[in-house]
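Inspection log for the structure reproduced underneath, given as structure tokens.
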Amino acid sequence: MKLESKVPGGPLEERWDRHRAEIKLVSPANKRKFDVIVVGTGLAGASAAASLAELGYKVKAFTILDSPRRSHSIAAQGGINAAKNYPNDGDSIWRLFYDTIKGGDFRSRESNVYRLAQVSANIIDQCVAQGVPFAREYGGYLSNRSFGGAQVSRTFYARGQTGQQLLLGAYGALMRQVDAGQVELYCRREMLDLVVIDGKARGIVCRNLVNGQIEPYLAHAVVLATGGYGNAYYLSTNAMNSNVTAAWRCHRRGAFFANPCFTQIHPTCIPVSGHYQSKLTLMSESLRNDGRVWVPANPGDRRPPQDIPESERDYYLERRYPSFGNLVPRDVASRAAKKVCDDGRGVGETGLAVYLDFADAIRREGVGYIQDKYGNLFEMYEKITGEDPYRVPMRIYPAVHYTMGGLWVDYNLMSTVPGLFVLGEANFSDHGANRLGASALMQGLADGYFIIPYTIGDYFAGAELGAVDENQDPVKASIEECRQRLEKLLSVRGKKSPRQFHREVGQILWDYVGMSRNAEGLRKAQSLLSEIREEYWEEVRVPGEAHMLNKHLEFAGRIADFIELGELLARDALHREESCGAHFREEFQTDEGEPLRRDDEFSYVAAWEYRGVGEEPALHKEILEFENVELATRSYK
Amino acid sequence: MSGDRREMSNKKMTIHLRIWRQEGPATEGKFVSYTVQEVSPDMSFLELLDVLNEQLIDKGDRPVEFDSDCREGICGSCGVVINGIAHGPLRATAACQLHMRHFSDGDTITVEPWRANAFPVLRDLVTDRSAFDRIIAAGGYVSVNTGQAPDAHAIPIPKDAADQAMDAAECIACGACVAACPNASAALFIAAKISQYTFLPQGHPERERRVLRMVQKMDEEGFGNCSNHGECEAVCPKEISIGTIARMRREYMKAVLKRGGTGIE
């Protein structure tokens, strides 16, 4: 199968407009004849479900949580980028496009990224119209701040709760359509399989998480917006329920998985405190606007931070990257933190932390200024650590945060399974090998509000979509498979809890497929993970039964999929013999320890085709063509 | 300060728990006692329940079901009554952000689900809060379709107004306000949403319809009335002010007087 990106031709600036002019439309009267399933109700899913319903499509929206408003987009703190150029500081669609392509280390599709930058301004308009209370200046206009990888201030924010406010905007729009009868909302449902009939995505099979019933739902298309797979690493900034199962089940049904090894390790998270740790908490990148990152200049310096004089501190980001300083992209900042800790200059009990210090900003601007900008983040830090960051510097360390990889999609956001569209973090499309801060919210909402409403119509207008019903063999087979898998998980009754397995899998991925990778370690990860996969089905102990609310059964299924995904992650990382963005292969670095890209050989998207459990997947390459930007070595010095 | 913390971290505690166990909505529940040893003060309360559950699974017992997701105090999933207080003893803190350093070695902690008719218990500590979604569906939004928006700077909004809207918009819909209220009223939850829009020009054309429909929906869902106990404000993890309820009442009275009767067409 040949990957067709379906990128329209012509000048970059005109492609999306031309595409919209050329794609087919569905008339208002006919839209109501099409059913669309939207799985996931975060920014991408909720905005898509609402927008499609507003157009007249009949939508069914699904979430594993008890309400769409709890989707993990809600935890995004810092902000959302848009090329509004309100601060008059030189921003433009081109510059946002270029920063994003460069930030992604030239491993994303030009056309998609340009479109993202184009619609970014519309997102802010839409959210303001919804009553999202963005931060404002005294004149009544919107306030902006800076994020990593940019030299302009283009980030809009609502205190440290931007994701929450944007999600509540999208959720409101979704609930309005529920009220109007255009959306049927299904909460506490977990998608366990994709139903493919005559080669097209026609439905899903879910488990009702309250009573355990297996329920099929059919439609004319399926829109997947189920987020990323960072929880494969066990400890991440993802929520407890974030998982790869829906995407992985689609992969098993024919959707290619692209660039799984592009996983983002966020530099500013609260460090691990103990074995019981269930998740890690992010401290927003926006803090790097005012916080200065440092470690003691000398290894083994155990003095409290206030006792270390300026001359014996190393503000290593400012030293190594003078033009971007503390605002280098995430992958760069994370690797730099790992390096100083590996050199024995880390701080805190474990030595796996660096300081993020606000003393200068507090002296310069006053406590009130810091409180106004970051108050809730400072409170959260104090709640978790018991330390007051107004008095002592925060201790931070990198943690898994976001996954740039995901299901492969074409320009229309359709996967390799016709009728299966993938939005937001669940797809691979816009961030290349590293995502810039405040761009995830932008992409989720761009996909949901402004892209899928156009491209899904083109699919409906051109596809042959006959009637389907629950008695067709693929539906019955899928239901039976889901049921058997659950029964199998419950029947093992082994010695180890799902969480114990998850912790082991996460440790392997963190050690060998984390911030720094090499061929030997990746091979080791592969063999360890394949052993764990086999052990899992012999030793897992899942309590309770299938026909009831049973969260450990839910988790057990997700962990089985994380193990399979982990194998693919390691395989992808091993095959990509270059360093780019978040993917740092020790064998490929410059003399200064910066990543060494190998454009001649690896300027492509690696899209993997599933061939069976434990079988070698097939690699398909989408060659990335750069017609508008010059492939340059990223420099933030 | 970091020195104190290090000393504290090394001190492990023994914690006794009395936890409400209930098979399903139709069955009766009861308290069951458990003990967890080697509890770190840096552990969150929900991590303590995780550790307990691992022990229960090891023994072949059924683990305690509870909702939790972000564990950063923003998704609103978690919600348990800890020693009689919704989300526990720490002010302005959701249960997921409550750490064991606020308890002492040997403490017995009682853990219950939210108790309100409008929030039936599904199992153990898990309740059904979908009534909140239905209330939002009745009007907790600005009716604007995708693509209808003017430029974001078309309407300047005073900073104070935006800030006050944000104060109200911080609600995470956890339901602690309902759980703490002797009447199980959802007034604070609804008032927060209504207040947000009273400060903003967006959505004004539908402001009367909004407050009338949302209040009516609240009554239909079986929540009680507000009689100014103020318990809601005291337990709110986001410190939503009870002043929002006064604002909602004004908004409601204005709507009724303007439109007559219940005012809903």
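The values are calculated or read from the model by the stated rules, or taken from the named source; none is laboratory data. Everything numeric in this text was worked out from a predicted model, so none of it was measured. Don't worry about glycine lacking a Cβ; one is built from the backbone with ideal geometry, like all the others, and counts go over all protein chains shown.
Within region A:282-309, residues that are assigned to a loop (DSSP other than H, G, I, E, B) reach partners that are β-branched (Val, Ile, Thr) with beta carbons closer than 8 Å, at six or more positions or on different chains, in the pairs A:Met283/A:Thr268; A:Met283/A:Ile270; A:Met283/A:Ile396; A:Ser284/A:Thr268; A:Asp290/A:Ile370; A:Asp301/A:Ile308; A:Pro304/A:Val392.
For region B:152-163, name all the residues that are more than 7 Å from chain A (Cβ to nearest Cβ) and under 25 Å from the mean Cα position of the chain (by Cα). Answer for region B:152-163, where residues must be more than 7 Å from chain A (Cβ to nearest Cβ) and under 25 Å from the mean Cα position of the chain (by Cα): B:Ala161, B:Asp163.
A Cβ distance below 6 Å, combined with a sequence gap of six or more or placement on separate chains, defines the contacts here; from region A:561-578, residues that are part of a loop (DSSP other than H, G, I, E, B) reach residues that are basic (Lys, Arg) and modelled with pLDDT of 95 or more in the pairs A:Glu578/A:Arg597; A:Glu578/A:Arg598. Taken over region A:481-526, the criterion of being in a helix (DSSP H, G or I), within 22 Å of the chain's Cα centre (by Cα) and of a type in the set (Val, Ile, Thr) is satisfied by A:Val505, A:Ile508. Here is the figure for region A:467-480: residues that are assigned to a helix (DSSP H, G or I) and exposed (fewer than 15 other Cβ atoms within 10 Å of the Cβ) total 4. Condition first: among the acidic types (Asp, Glu), in contact (Cβ under 8 Å) with a residue 40 or more places away in the chain and in a helix (DSSP H, G or I). Now tell me which residues in region A:357-396 satisfy that. Answer for region A:357-396, where residues must be among the acidic types (Asp, Glu), in contact (Cβ under 8 Å) with a residue 40 or more places away in the chain and in a helix (DSSP H, G or I): A:Asp360, A:Glu365.
The set of residues from region A:590-637 being part of a loop (DSSP other than H, G, I, E, B), more than 25 Å from the chain's Cα centre (by Cα), acidic (Asp, Glu) and within 22 Å of A:Ser516 (Cα to Cα) comprises A:Asp591, A:Glu592.
Results for (1) facing chain A (nearest Cβ under 10 Å); (2) at pLDDT below 95; (3) over 26 Å from A:Asp66 (Cβ atoms), shown as yes or no for each residue.
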position: B:Ile172; (1), (2), (3): yes, no, no
position: B:Leu188; (1), (2), (3): no, no, no
position: B:Ile194; (1), (2), (3): no, no, no
position: B:Arg209; (1), (2), (3): no, no, yes
position: B:Ala234; (1), (2), (3): no, no, no
position: B:Tyr252; (1), (2), (3): no, no, yes
position: B:Thr262; (1), (2), (3): no, yes, yes
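Residues in region A:273-292 that are more than 22 Å from A:Glu318 (Cβ to Cβ), more than 22 Å from the chain's Cα centre (by Cα) and either buried (at least 19 other Cβ atoms within 10 Å of the Cβ) or of a type in the set (Val, Ile, Thr) (or both): A:Ser273 only. Do we have A:Gly437 as over 19 Å from A:Ser47 (Cβ atoms), buried (at least 24 other Cβ atoms within 10 Å of the Cβ) and out of contact with any Cys (no Cβ under 9 Å at 6 or more places or on another chain) here? Here the answer is yes, as A:Gly437 does meet what is asked.
The rows are residues; the columns are (1) among the aliphatic types (A, V, I, L, M); (2) more than 22 Å from A:His266 (Cβ to Cβ); (3) modelled with pLDDT under 95.
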| position | (1), (2), (3) |
| --- | --- |
| A:Ser429 | no, no, yes |
| A:Leu441 | yes, no, no |
| A:Gly444 | no, no, no |
| A:Pro453 | no, yes, no |
| A:Asp458 | no, yes, no |
| A:Leu465 | yes, yes, no |
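State yes or no: is B:Phe45 farther than 18 Å from B:Val121 by Cα, of a type in the set (Phe, Trp, Tyr) and in contact with a helix residue (DSSP H, G or I) (Cβ under 9 Å, 6 or more places away or on another chain)? It is true that B:Phe45 is farther than 18 Å from B:Val121 by Cα, of a type in the set (Phe, Trp, Tyr) and in contact with a helix residue (DSSP H, G or I) (Cβ under 9 Å, 6 or more places away or on another chain).
Looking at A:Val417, A:Val347, which one is farther than 30 Å from A:Val468 by Cα and in a loop (DSSP other than H, G, I, E, B)?
A:Val347
When region A:45-86 is filtered for residues that are closer than 22 Å to A:Phe134 by Cα, away from chain B (no Cβ under 11 Å) and modelled with pLDDT of 95 or more, the ones remaining, listed by number, are A:Gly45, A:Ala46, A:Ile80, A:Asn81, A:Ala83, A:Asn85. Inside region A:223-237, residues that are farther than 17 Å from A:Phe501 by Cβ and in contact with a Lys or Arg (Cβ under 9 Å, 6 or more places away or on another chain) make up a count of 1. Against the numbered list (1) aromatic (Phe, Trp, Tyr); (2) more than 13 Å from chain B (Cβ to nearest Cβ); (3) over 25 Å from the mean Cα position of the chain (by Cα), A:Tyr355 comes up short only at (2).
When residues in region A:426-450 are screened for being closer than 23 Å to A:Val196 by Cβ and in a helix (DSSP H, G or I), 2 of them pass.
Scan region B:214-265 for residues that are of a type in the set (Ser, Thr, Tyr) and in a loop (DSSP other than H, G, I, E, B) and the total you get is 3. Counting residues in region B:1-15 that are assigned to a loop (DSSP other than H, G, I, E, B), of a type in the set (D, E, K, R), facing chain A (nearest Cβ under 10 Å) and surrounded by 13 or more Cβ atoms within 10 Å (Cβ to Cβ) gives zero. The set of residues in region A:16-40 being touching a Lys or Arg at 6+ places or on another chain (Cβ under 7 Å) and either of a type in the set (Ser, Thr, Tyr) or part of a helix (DSSP H, G or I) (or both) consists of A:Trp16 alone.
Screening region B:63-92 for residues that are surrounded by fewer than 21 Cβ atoms within 10 Å (Cβ to Cβ) and touching a residue at least 40 places away in the same chain (Cβ under 8 Å) and picking the one that is farthest from the other protein chains (Cβ to nearest Cβ) gives B:Ile85.
Scanning region A:89-118 for residues that are assigned to a loop (DSSP other than H, G, I, E, B) and either over 22 Å from A:Gln264 (Cα atoms) or within 14 Å of chain B (Cβ to nearest Cβ) (or both) yields A:Asp89, A:Gly90, A:Asp91, A:Ser92.
Suppose the filter is part of a helix (DSSP H, G or I) and free of Cβ contacts under 8 Å to residues at least 40 places away in the same chain; does A:Arg319 pass it? Criteria met by A:Arg319.
Restricting attention to region B:108-151, the residues that are within 8 Å of chain A (Cβ to nearest Cβ) and closer than 30 Å to B:Val32 by Cβ total 7.
To keep it simple, each residue is scored yes or no on (1) among the basic types (Lys, Arg); (2) at positive phi; (3) within 14 Å of chain B (Cβ to nearest Cβ).
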residue	(1), (2), (3)
A:Thr350	no, no, yes
A:Glu365	no, no, no
A:Tyr369	no, no, no
A:Lys373	yes, no, yes
A:Asn376	no, no, yes
A:Tyr397	no, no, no
A:Gly405	no, no, no
A:Val409	no, no, no
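Residues in region B:43-62 that are outside any helix (DSSP H, G or I) and facing chain A (nearest Cβ under 7 Å) were compared, and the one that is farthest from A:Val210 (Cα to Cα) is B:Met43.
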